[in-house]
Amino acid sequence: MSEDLSMKCGLEIHVQVDTNSKLFCQCPTNYKDVEPNTNICPVCIGHPGAKPMPPNKKAIDMAIMVAKMLGCEMVIDKDIYFQRKHYNYPDLPSGYQKTSVPIGEHGTFLGVGITEVHLEEDPGQYKPDLGTVDYNRSGTPLIEIVTDPDMKSPEEAREFLRQLLRLFRYIGNLRGEGTMRADTNISIKYNGIQGNRVEVKNVNSIRGVYKVLKYELIRQKNVLRRGGEIKLETRAFMESQMITKGMRSKETADDYRYIPDPDLQPIVLSNDWVEKVEAQMPETPMNKEKRFVEQYGIKEDDAKVLVSDLELADVFEKVVAELGNDKDGISLAVTWIRNELKRVLVYNKIEFFETNLKPEHMVELINSIKDKTISQKIGKTIIEQMVEHKGEKTPKELISEMGLTVIEDTSELEKACEEAIKNSEKAIEDYKSGNQRALNSVVGQVMKLTRGRAEPGTVVEILKKKIDG
Ligand code: ZN
Ligand code: MN
């Protein structure tokens, strides 16, 4: 039987802003580094009568920047209220979350509509299994990005989030990795029957969102296939089991009893304010990609790979500046950063910023290859070691520690060549009868005997002299 299945997904993505103090009080936001319930005051634990301070300026600036980067229209010269969103949960001491109306609207990112961007406070951390609550996080500024239900597959949602996290890294001052949480909305249509929207709350990784969508797609399809009905509901993601579980039938806006918070003045954005923020805005990944192609004359594919990792792109530019911004310098930088370093990063499943490597390290390595202190082959080994040692050792230290400098002593090289010739009777015969390529295996032997410390060009020279006589 043929089946006709389609899905729509919209996300509500929360990301913390990396401010020193919380959104409405001066408590620090380093909640992970301190004892539970130490970064708290009457405001952020919701004591009745405690007056919140005006919202943190940096948090507003960052929300403007995010909205702008996502192509939103800004809400100018209008009251942007903080509302009280009421719900009962132990992580929310006041019984309501202070959450603003949109700061920017109608944006688009990777073809996905951005419904709105707003600012709100993070609740505390409740551990149902232990029955404990830690309010250190309560009041940390959060930016919430609400998308239109435009994503049509788990893969598309995953790619959207990957690119969004990359954008966060470009913007800076956001705690993208590690604090990103996405409420994941999904509805499906199966053989002409449209199911209701299901929301899965608080999924805290890209992989989680992907798994949730995969799981819900199958679960909802099976319900519809059996003639059942998809209820409008909120579900929880059980990460350990990679399944979702019903929590409650979905709240409507009425359930939250939104009211403007009478303790807080609304924010009013002016064109001036937005322009000031725009002046600080970093280059977008898309623009950087374009610039790399134009400025350095590199291939679009290479630019894409470099730009996919902001720090890697920075290193590339710094290294080019050091090596000389010409054809040779650029091609060395592409070879050793975009090809070799990237290969090692991918193999180790890490990003450049996690390695603590510095641009100087790459310059030092590339120069060692350029001046033939080490061979290309050893260069690759050293990059692997540099990543493994997380930048604690410089290439020079690694090269001398491992005794990997190119062999200068010709007698040592000649000895290795002689041994290789002795072990390669067949190849030598082939070579003598005119097969030039047969020599490659002999060169390979020499490289093995010298642990890659020989210059292939010199080896070929010596071998030919010895064989041809
Ligand atoms: Zn506080
Ligand atoms: Mn929210």
Looking at the stretch 340-359, can you tell me whether even one residue there is assigned to a helix (DSSP H, G or I) and polar (S, T, N, Q)?
no
Just checking, does the stretch 32-53 include any residue being assigned to a loop (DSSP other than H, G, I, E, B) and under 30 Å from Asn271 (Cβ atoms)?
yes
Over the stretch 413-434, the set of residues without any contact (Cβ under 8 Å) to a residue 12 or more places away in the chain and either surrounded by 13 or more Cβ atoms within 10 Å (Cβ to Cβ) or of a type in the set (Val, Ile, Thr) (or both) is Lys415, Asp430
Name the pairs whose Cβ atoms lie under 8 Å apart, with the first residue in the stretch 182-204 and closer than 9 Å to Phe237 by Cβ and at pLDDT below 95, the second assigned to a loop (DSSP other than H, G, I, E, B) and within 16 Å of ligand 2 (Cβ to nearest atom), and 6 or more positions between them or separate chains?
Asn204/Met180
Do we have any residue at all in the stretch 30-44 that's more than 10 Å from ligand 1 (Cβ to nearest atom), surrounded by 13 or more Cβ atoms within 10 Å (Cβ to Cβ) and either closer than 16 Å to Lys98 by Cα or among the acidic types (Asp, Glu) (or both)?
no
Looking at the stretch 89-103, is at least one residue under 18 Å from Glu12 (Cβ atoms), touching a residue at least 40 places away in the same chain (Cβ under 8 Å), assigned by TED's automatic domain parsing to the domain that holds Glu275 and among the β-branched types (Val, Ile, Thr)?
yes
Every residue in the stretch 15-26 that is within 9 Å of ligand 1 (Cβ to nearest atom) and either crowded, with 23+ Cβ neighbours inside 10 Å or part of a strand (DSSP E or B) (or both), please.
Ser21, Lys22, Phe24
Please state which one of Leu92, Leu130, Leu119, Leu142 is within 12 Å of ligand 2 (Cβ to nearest atom) and outside any strand (DSSP E or B).
Leu92
Tell me whether the stretch 57-79 contains one or more residues that are at pLDDT 95 or above, within 16 Å of ligand 1 (Cβ to nearest atom), more than 21 Å from Gly208 (Cβ to Cβ) and not in a helix (DSSP H, G or I).
no
Quickly run through the stretch 412-429 and pick out the residues that are in a helix (DSSP H, G or I), closer than 14 Å to Met447 by Cα and not acidic (Asp, Glu).
Leu413, Lys415, Ala416, Cys417, Ala420, Ile421
Looking at the stretch 13-56 only, could you name the residues that are among the acidic types (Asp, Glu) and modelled with pLDDT under 95?
Asp33
Would you confirm whether or not the stretch 100-111 contains a residue that is within 16 Å of ligand 1 (Cβ to nearest atom), outside any loop (DSSP other than H, G, I, E, B) and within 23 Å of Ser138 (Cα to Cα)?
no
Hey, Arg137 basic (Lys, Arg), within 18 Å of Phe24 (Cα to Cα) and in a loop (DSSP other than H, G, I, E, B) or not:
yes
Pick from the stretch 279-290, criterion of a type outside the set (A, V, I, L, M) and exposed (fewer than 14 other Cβ atoms within 10 Å of the Cβ), ranking: modelled with the lowest pLDDT:
Asn287
Under 7 Å between Cβ atoms, at least 6 apart or on separate chains: pull out the pairs that start in the stretch 371-384 with a residue that is within 14 Å of Gly457 (Cα to Cα) and modelled with pLDDT of 85 or more and end on any residue that is of a type in the set (A, V, I, L, M, F, W, C) and assigned to a helix (DSSP H, G or I).
Gln376/Ile369; Lys377/Met447
Step by step: first the residues of the stretch 119-140, then only those that are farther than 16 Å from Gln97 by Cβ and of a type outside the set (D, E, K, R), then the one that is nearest to ligand 1 (Cβ to nearest atom). Which residue is that?
Asn136
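Here's the yes/no breakdown for (1) crowded, with 21+ Cβ neighbours inside 10 Å; (2) farther than 20 Å from Glu300 by Cα:
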residue: Lys327; (1), (2): no, no
residue: Thr335; (1), (2): no, no
residue: Ile350; (1), (2): no, yes
residue: Asn356; (1), (2): no, yes
residue: Lys370; (1), (2): no, yes
residue: Thr373; (1), (2): no, yes
residue: Met386; (1), (2): yes, yes
residue: Lys393; (1), (2): no, yes
residue: Thr410; (1), (2): no, yes
Got a sec? Which of Val446, Val460 is assigned to a helix (DSSP H, G or I), outside the structural domain of Lys370 (by TED's automatic domain parsing), farther than 30 Å from Thr394 by Cα and among the β-branched types (Val, Ile, Thr)?
Val460
How about the stretch 1-39: which of its residues are over 20 Å from Leu174 (Cα atoms) and within 16 Å of ligand 2 (Cβ to nearest atom)?
Gly10
Restricting attention to the stretch 51-106, and to residues there that are of a type in the set (Gly, Ala, Ser) and under 27 Å from Thr132 (Cα atoms), which single residue is surrounded by the most Cβ atoms within 10 Å (Cβ to Cβ)?
Ser94
Just to be sure before I move on: is Thr147 more than 16 Å from ligand 1 (Cβ to nearest atom), in the same structural domain as Ala59 (by TED's automatic domain parsing) and surrounded by 15 or more Cβ atoms within 10 Å (Cβ to Cβ) in the structure I sent?
yes
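The values are calculated or read from the model by the stated rules, or taken from the named source; none is laboratory data. Predicted model only: the values in this text are computed from it and were never measured. Here the Cβ is made from the backbone with ideal geometry for all residues, glycine too, and neighbour counts use every protein chain on show.
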